Amino acid sequence: QVHVVESGGGWVQPGGSLRLSCTASGSFDSNNVMGWYRQAPGQLRERVAFTFTGILPNYAESVKGRFSLSRGDTDNTVILQMNSLKPEDTAVYYCNAHLRPYGSSGYTTYWGQGTQVIVAS
């Protein structure tokens, strides 16, 4: 069974920084796609950043130059460093992991429970 667990988030003033971490646990192939989505109130969920194993991350235009996505000590952990935060970054952030469990012929998408980020004075 696969689990995706997030940590980080919280409240920060505009211009500040926050760090989100996500770890997928279970038995699955090391090649994967992991990243972050966010959803603000009344808005559709949008992709923030994602990375394929061994390939540089891809970012939404709205966060380029401010957010940085990296892998942790293992390929099943991703870290989103968010700098120069703006009020419009306020949203629930969800970790997304596209994994192939052992014994499965295909990939499955898993979601974390979401973590709130609030950027306000």
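The values are calculated or read from the model by the stated rules, or taken from the named source; none is laboratory data. Model, not experiment: these values are computed from the prediction. Heads up, the Cβs are rebuilt from the backbone with ideal geometry, glycines too, and the neighbour counts pull from every protein chain shown. Surface accessibility is based on the protein's heavy atoms, side chains included, excluding ligands, DNA and RNA. Shrake-Rupley method; radii C 1.70, N 1.55, O 1.52, S 1.80 Å.
Does LEU44 fit the bill of being open to solvent by less than 70 Å² (accessible area, probe 1.4 Å) and either of a type in the set (Lys, Arg) or on the phi < 0 side of the Ramachandran plot (or both)?
On the way: open to solvent by less than 70 Å² (accessible area, probe 1.4 Å): no; either of a type in the set (Lys, Arg) or on the phi < 0 side of the Ramachandran plot (or both): yes.
The answer is no for LEU44.
Which members of segment 88-104 meet the condition of being outside any loop (DSSP other than H, G, I, E, B), closer than 19 Å to TRP11 by Cβ and of a type outside the set (Asp, Glu)? Walk me through how you get there before you give the answer.
Filtering segment 88-104 for residues outside any loop (DSSP other than H, G, I, E, B) gives 88-89, 91-99, 101.
Those still in the list that are closer than 19 Å to TRP11 by Cβ too: 88-89, 91-94.
Those that are outside any loop (DSSP other than H, G, I, E, B), closer than 19 Å to TRP11 by Cβ and of a type outside the set (Asp, Glu): ALA91, VAL92, TYR93, TYR94.
Give VAL5, VAL12 a once-over and let me know the one that is open to solvent by 60 Å² or more (accessible area, probe 1.4 Å), among the hydrophobic types (A, V, I, L, M, F, W, C) and touching a strand residue (DSSP E or B) at 6+ places or on another chain (Cβ under 6 Å). First the steps, then the outcome.
Details: VAL12 fails: open to solvent by 60 Å² or more (accessible area, probe 1.4 Å).
From the options VAL5, VAL12, the qualifying one is VAL5.
Scan segment 4-21 and report the pairs whose first residue is touching a residue at least 40 places away in the same chain (Cβ under 8 Å) and whose second residue is open to solvent by 30 Å² or more (accessible area, probe 1.4 Å) and aromatic (Phe, Trp, Tyr), with Cβ atoms within less than 6 Å and a gap of 6+ or a chain change.
Short answer, once both residue conditions are applied: VAL4/TYR110.
What is the residue count in segment 31-89 for residues that are under 17 Å from VAL5 (Cα atoms), touching a residue at least 40 places away in the same chain (Cβ under 8 Å) and basic (Lys, Arg)?
Total meeting the criteria: 1.
Looking only at residues in segment 79-104 that are among the small types (Gly, Ala, Ser) and more than 23 Å from ALA120 (Cβ to Cβ), which one is least open to solvent (accessible area, probe 1.4 Å)?
Going residue by residue through segment 79-104, those that are among the small types (Gly, Ala, Ser) are 84, 91, 97, 103-104.
Pick out the ones that are also more than 23 Å from ALA120 (Cβ to Cβ) and you get 97, 103-104.
Details: ALA97: 0, GLY103: 90, SER104: 39 Å².
Checking each candidate, the answer is ALA97.
Can you pull out the residues in segment 105-121 that are loosely packed, with under 12 Cβ neighbours inside 10 Å and either in a strand (DSSP E or B) or in contact (Cβ under 8 Å) with a residue 12 or more places away in the chain (or both)?
THR109, GLN113, GLN116, ALA120, SER121
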